[in-house]
Amino acid sequence: MRLARLVAALALSLLAACAAEDPNAPPEDFGDFVLGYTIVVAKNAQAVGPSRKATAEEWEAALKTAIGERFARYQGEKLYHIGVGVDAYALAVPGVPIVLSPKSVLAVTVNVWDDTAGRTVNAAPRQFTVFEGLSGDTVVGSGLTKTREEQMATLSANAARQINAWLVENKAWFTPEAVAARALLPRQSGAEVAAMKPSSQAAAAPAPEPAN
């Protein structure tokens, strides 16, 4: 009976996974936005528990690619930059299917910069804990079904999706009124952003110079 309930729960989860976001659907609008720089710093990332190893450069490349692809769908005129600090990760290693196979996870801290104002649009950096999501590959543990690079690509794409959803939830940051109000404030330094960070020093990258 207990096994039957487990199988039923897994089946429902897989059906939910199949109803995931349509990649061909138009992006959900949150205001006048175009992505400038994606700044990713992973030098302080910690591998947690049993995990395949990945270098800072590999995480930086994977996240830049995923965020760039995600936000390339927005073609506004107001320039913003996204800064990401990689705090920790675990890339699942091969294990016993279903029972003992670990899952992959990624923890990141994010800031969004208004290029003109030279300030973050968010009052405090936002931390995300990102999982691979449930699919036929991850039910038995992605350590058995995916390469290290595939795990990183999936986590990075899911991180980009969560960042996108966060901005949609906070579309008030991108209204003309909010933009005008930020423009009246002094520019922020990297040290000021570091002082308000919740944990990750990596996410406190200094504001990029305004684009020409």
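The number of residues in segment 39-77 being surrounded by 15 or more Cβ atoms within 10 Å (Cβ to Cβ) and within 21 Å of residue 28 (Cα to Cα) comes to 8. Taking every residue in segment 154-175 that is free of Cβ contacts under 8 Å to residues at least 60 places away in the same chain and pairing it with any residue that is buried (at least 16 other Cβ atoms within 10 Å of the Cβ) and part of a helix (DSSP H, G or I), at least 6 positions away or on another chain, the pairs with Cβ-Cβ distances below 7 Å are 172/178.
Applying the criterion of at least 3 residues that are at pLDDT 95 or above and within 14 Å of residue 161 (Cα to Cα) to the strands (runs of 3 or more DSSP E) found wholly in segment 13-114 leaves 105-114. With respect to (1) surrounded by 11 or more Cβ atoms within 10 Å (Cβ to Cβ); (2) at pLDDT below 70; (3) aliphatic (A, V, I, L, M), the lone exception for residue 195 is condition (1).
The values are calculated or read from the model by the stated rules, or taken from the named source; none is laboratory data. For clarity, every value in this text was computed on a predicted model and none was experimentally measured. All Cβ positions, even for glycine, are placed from backbone atoms using ideal geometry, and neighbour counts span all protein chains on display.
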